[in-house]
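Notes follow once the structure below has been shown.
The values are calculated or read from the model by the stated rules, or taken from the named source; none is laboratory data. Nothing here was measured: the structure is a model prediction, and the numbers come from that model. Because the Cβ atoms are built from the backbone with ideal geometry, glycine has one as well, and the counts that use them run over all protein chains shown. Each accessible area value is taken on the protein alone, full model and side chains, heavy atoms only, with ligands, DNA and RNA left out. Shrake-Rupley method; radii C 1.70, N 1.55, O 1.52, S 1.80 Å.
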Amino acid sequence: ELLTSVVSLVTAPLESLPDDFNLSPDSSAAIVSKETREKDAEKGVISLPVPRVLLRRESLGYICDVLLSDLCNKSVFVFVTSTIARLAKVYENSSVLLELLCDVVVDLS
């Protein structure tokens, strides 16, 4: 439970990015445009850069392996899939996650 809380907290800022957004390898964080900052300021919201959460293949593999576990119930599945969706917004993570999820699908079939 502690581990899931840590992962959730680390990836939470990525949730605010649009689904079609992908942090490029050239950036250390998602830069918020001046136009967006101005619009947010009118609403009383402060926009901050979202840091890249880059994980090693091994770490991403552990997250995907949870889906193969006998202990994977509906709430765990929802947590893992939302975490994977957040992490996939980082360019380097997305291609690795795609490979790992394909492996999970093969193992489940």
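Tabulated data for the structure shown
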item: One residue from 47, 59 being open to solvent by less than 60 Å² (accessible area, probe 1.4 Å), part of a loop (DSSP other than H, G, I, E, B) and at negative phi; result: 47
item: Residue 106 vs. criteria modelled with pLDDT of 85 or more, surrounded by fewer than 14 Cβ atoms within 10 Å (Cβ to Cβ) and not charged (D, E, K, R); result: yes
item: Selection within the stretch 76-103 - charged (D, E, K, R) and either exposed (fewer than 12 other Cβ atoms within 10 Å of the Cβ) or over 13 Å from the mean Cα position of the chain (by Cα) (or both); result: 99, 103
